[in-house]
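Accompanying notes for the structure given below.
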Amino acid sequence: PIHWAHVGKKGAKEMRVLADDAYHAYNRDVKAAKAEDRDRQTQFERTRDSEREKDERQDERREQQLALGHKKRREWQVALAAEEKRDAEAHSQFKKELARAKSLLNSPKSAPEEANSAHTEPKSAP
């Protein structure tokens, strides 16, 4: 309790009014500060949430691009394997034909006769 006896009744009343005004001003300032803090916190949460959503969308896009990249790489690998298989078959066929051609050249028959017989149908005996 504050004793206002030394200031008199009129001074005491003025002091109470001033103190009451100061108290209410302080409460208004506290209320305004709390409202600003609440607004700031709300804005922070909105910004954080929007950034999180943006990051999640970017992550989804990256995952989709990565999956697409894996799919395309797999398709490329399958195509490359098929091409390598075709090349190996063609190389094998080439080696067979080369070996056949070498054997024809090295055979005791004459080369022109062998070449002609290779390109013509066999003659049937009467």
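The values are calculated or read from the model by the stated rules, or taken from the named source; none is laboratory data. Small disclaimer: the values here were computed from a predicted structure and weren't measured. Cβ atoms come from the backbone with ideal geometry, glycine included; neighbour counts cover every protein chain shown. Remember, those area values only see protein heavy atoms, side chains included, never the ligands or the DNA or RNA. Shrake-Rupley method; radii C 1.70, N 1.55, O 1.52, S 1.80 Å.
Would you say K10 is exposed (fewer than 10 other Cβ atoms within 10 Å of the Cβ) and either without any contact (Cβ under 8 Å) to a residue 24 or more places away in the chain or of a type in the set (K, R) (or both)? When the stated conditions are applied, K10 passes them.
Within region 17-28, does at least one residue satisfy the condition of being open to solvent by 100 Å² or more (accessible area, probe 1.4 Å) and outside any helix (DSSP H, G or I)? Taking every residue of region 17-28 in turn, none turns out to be open to solvent by 100 Å² or more (accessible area, probe 1.4 Å) and outside any helix (DSSP H, G or I). Restricting attention to region 46-76, the residues being of a type outside the set (G, A, S) and either outside any helix (DSSP H, G or I) or open to solvent by less than 70 Å² (accessible area, probe 1.4 Å) (or both) number 3. As a summary of the residue check, A88 satisfies the conditions (1) surrounded by 10 or more Cβ atoms within 10 Å (Cβ to Cβ); (2) modelled with pLDDT under 90 except for the one numbered (2).
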